[in-house]
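> Below is one structure. I have some questions about it.
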């Protein structure tokens, strides 16, 4: 019994990481209806940036965040204004195919630069540190990851609903043309949204890199996990996304407990069940 | 008024048909004039052309942008292995049966993923492909995660000698490509094709005209998936070895196919042909560079999508008003 409780708690904590994968995806879709196929590869790119920073400067991965987050955010702004803004319109094909092309480019640039060998970020003592909670031992890193996920979502939620920047996001989301008439520069607003999304991606990438080893090919899988968390939680609901991530994480750890080969499959099946029963997710945003 | 006529065929399309028929005869005779390596390459070209035509039918006409058709490539491949090894079927029968089974499987799959709109549909198809990959990796009888080879006895059913086998698998690939292109062409010329074109141009207007959009899309999805599985069977009949990672590879069976269609010209029948030829030309030139080749492909696809979203064929058609597969109607003055 205690083993299963352990698996469920580990799953909940894993869900925090998935929520971080999903938050950026959800933000971009909410603001500009863009689904970024390269999202997972950008997470892996951030992990590799973290690797280079920690190796070159000999610093802890958490300190590397100070460099990787602004660099990824800047990259997001440039990417959005330079390429992605030109693909936005009624037709869903151009953004989809352009981000798909980006995904293949990022993967192969990483492959060329870092080879296909799995790498890991050295987190030091925190990787093995744990706390004992009445029989269940929890890793400090997973706990911290979950805490960061909650904090990131709270901050995004605050930005979205309590700041003028968030008002801009909501305005272009509701009606781009009228927002433009009201004096917002939608190209800039989209750029800032992507910058914010990639800042979250940077955090997710570093945490992923400390938790497990990564290689250039695993981006697609991370995109899928993030996407599943978004759909399970309900489109346009950031707290729902956290719940979606948790459900996915729990399904995976329970699956792994039954049979190690069943881990990822169990997550996909949980997603398909939700899709079959509640196609709009568990907590879809209510339109006011 | 009487001086005006509506036609579909043009001089260019009639010329293309004659040249096409001639080319078919020459290509069908390839086992007698081409070397072994060339034969293999041409077979591969036909199979990619077929995958491109099918993906184009879904994405370019039905608006079903899938990044998960590798699900059916792999399914078809695995059905070839399962039905020949455990069912005792002849490989060709197994491949056709694989197509039928894929059609059956694709209906419940569609019922699920059609709930996702637009770009989310795309990622949903990818999830399905992953579910297929992970499920087949669990089947120990088919080699589990490491895969298996087609037994020699079954390979010999295709042809006792190596040369005969290679010729046979070449003809199967050529025949499959012909059937796929002809089916897509005839489908688009039919009443249903017209409905599909209407949906492509405006879903709302098409619904207003009484077209059942969901059903039309479902038909396209099922037919494209069944054909994709048949092509998958043929691909692994050429390779003679299958593993979950090779069978359900998103790069090999979807990324390349998307690049082919986008570069050639999405939403046209000529596009995939031109795209396939360009793709293989590029591959032969850049094959030694490996990852660079893929980066170049990605960059080319992005530039095409931004600068010329209707691809190479779109540029040619706008410039010369050509159409080799007569799909549109033209009003012409008889006099």
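> Can you classify the range A:2-277 as rounded, prolate or oblate using the Cα gyration tensor, where a ≥ b ≥ c are the square roots of its eigenvalues, rounded means a/c under 1.5, and otherwise it's prolate if a/b beats b/c and oblate if not?
Here the range A:2-277 falls in the prolate category.
> If a/c stays under 1.5 just call it rounded; otherwise compare a/b with b/c (prolate if a/b is bigger, oblate if not). Do that for chain B, with a ≥ b ≥ c from the square roots of the Cα gyration tensor eigenvalues.
prolate
> Please work out the Cα center distance from the range A:54-87 to the range B:246-320, rounded to the nearest Å.
30
> What value, in deg cm²/dmol to 500, does the helix sum -39500 (n - 2.57) over DSSP H runs of n ≥ 4 give at 222 nm once divided by the residues of chain B?
Calculated mean residue ellipticity at 222 nm is -23500 deg cm²/dmol.
> Given the C-alpha centroids of the range B:207-233 and the range A:19-37, what is the distance between them in whole angstrom?
29
> Over chain B, what is the mean sequence separation of C-alpha contacts under 8 Å (at least six apart), divided by residue count, expressed as relative contact order in percent?
Once normalised by length, the contact order is 33 percent.
> Which of the peptides B:199-205, A:141-147, A:163-169 is most tightly packed, and how do the rest follow, judged by the mean count of other Cβ atoms within 10 Å per residue?
Sorting B:199-205, A:141-147, A:163-169 by mean packing, highest first, produces A:141-147, A:163-169, B:199-205.
> Hey, another quick one. What's the angle, to the nearest 10 degrees (0 to 90), between helix A:140-162's Cα axis and the longest principal axis of chain A?
Taking the Cα atoms of chain A, the angle to A:140-162 is about 20 degrees.
> Going highest first, how would you order A:10-21, B:178-189 by mean Cβ packing within 10 Å?
Ranking the peptides A:10-21, B:178-189 by packing returns A:10-21, B:178-189.
> So, one more: Let me have the relative contact order for the range B:123-226, percent, based on Cα pairs under 8 Å that are six or more residues apart.
Contact order relative to length: 9 percent.
> Further question: For chain A, find the longest principal axis of its Cα atoms and tell me its angle to the long axis of helix A:61-82, 0 to 90°, nearest 10.
Result, in degrees: 30.
> Another question, if that's okay. Taking the alpha-carbon centroid of each part, what is the distance from the range B:130-191 to the range A:242-268 in angstrom?
Taking the Cα centre of the range A:242-268 as reference, the centre of the range B:130-191 is 33 Å away.
> At a Förster radius of 22 Å, what calculated FRET efficiency corresponds to the Cβ-Cβ distance of residue A:137 and residue A:212, to the nearest 0.05?
Result of the calculation: an efficiency of 0.75.
> Any idea what the relative contact order of the range A:2-277 is, in percent, if you count C-alpha pairs under 8 Å spaced at least 6 apart?
Numbers: 461 pairs, mean separation 109.8, N = 276.
Averaging sequence separation for qualifying contacts and normalising by length gives 40 percent for the range A:2-277.
> Can I ask one more? Measuring from label point to label point, each 7 Å out along Cα→Cβ, what is the residue A:2 to residue A:117 span in nm?
Reported label-point gap for residue A:2 and residue A:117 is 4.1 nm.
> Based on DSSP H runs of at least 4 residues, each adding -39500 (n - 2.57), what is the mean residue ellipticity at 222 nm of chain A after dividing by all its residues, to the nearest 500 deg cm²/dmol?
So the calculated ellipticity at 222 nm is -25000 deg cm²/dmol.
> Shape call for the range A:1-108 from the C-alpha gyration tensor, a ≥ b ≥ c root eigenvalues: rounded (a/c under 1.5), prolate (a/b greater than b/c) or oblate?
Since a/c reaches 1.5 but b/c is at least a/b, the shape of the range A:1-108 is classed as oblate.
> If you don't mind, there's one more thing I want to ask. Just to verify a number: FRET efficiency for residue B:86 and residue A:159, C-beta to C-beta distance, R0 = 45 Å, to 0.05?
0.20
> What's the average, rounded to a whole number, of partner chain beta-carbon atoms within 10 Å of each residue's beta-carbon in B:129-137?
3
> In peptide A:37-44, what is the residue-averaged number of other protein chain Cβ atoms found within 10 Å of each Cβ?
Details: counts 5, 0, 1, 0, 0, 0, 0, 0.
Per-residue shielding by partner chains comes out at 1.
> Find how much the distance from residue B:15 to residue B:140 grows on full extension, using 0.36 nm per residue of separation minus their present alpha carbon separation; answer in nm with one decimal. Intermediate results must be reported in sequence, preceding the final value.
Working: separation 125, 0.36 × 125 = 45.00 nm, distance 5.33 nm.
That works out to 39.7 nm of additional length.
> What's the average, rounded to a whole number, of partner chain beta-carbon atoms within 10 Å of each residue's beta-carbon in B:289-298?
Whole-number average of other-chain Cβ neighbours for B:289-298 is 5.
> In degrees from 0 to 90, rounded to the nearest 10, what is the angle of the helix A:39-57 Cα long axis to the longest principal axis of chain A?
70
> Nearest 0.05, what FRET efficiency do residue B:183 and residue A:126 give at R0 = 41 Å with Cβ-Cβ as r?
The formula returns an efficiency of 0.10 here.
> Would you please put A:210-220, B:311-321 in order of how densely packed they are, using the mean number of other Cβ atoms within 10 angstrom per residue and starting with the highest?
Numbers: A:210-220: 19.4, B:311-321: 16.2.
Ranking, from highest mean packing down: A:210-220, B:311-321.
Read the figures in this text as sums done on the coordinates, not as results from a lab. Owing to the predicted nature of the structure, the values given are computational and were not obtained by experimental measurement. Glycine also receives a Cβ, built like all others from the backbone with ideal geometry; neighbour counts cover every protein chain displayed.
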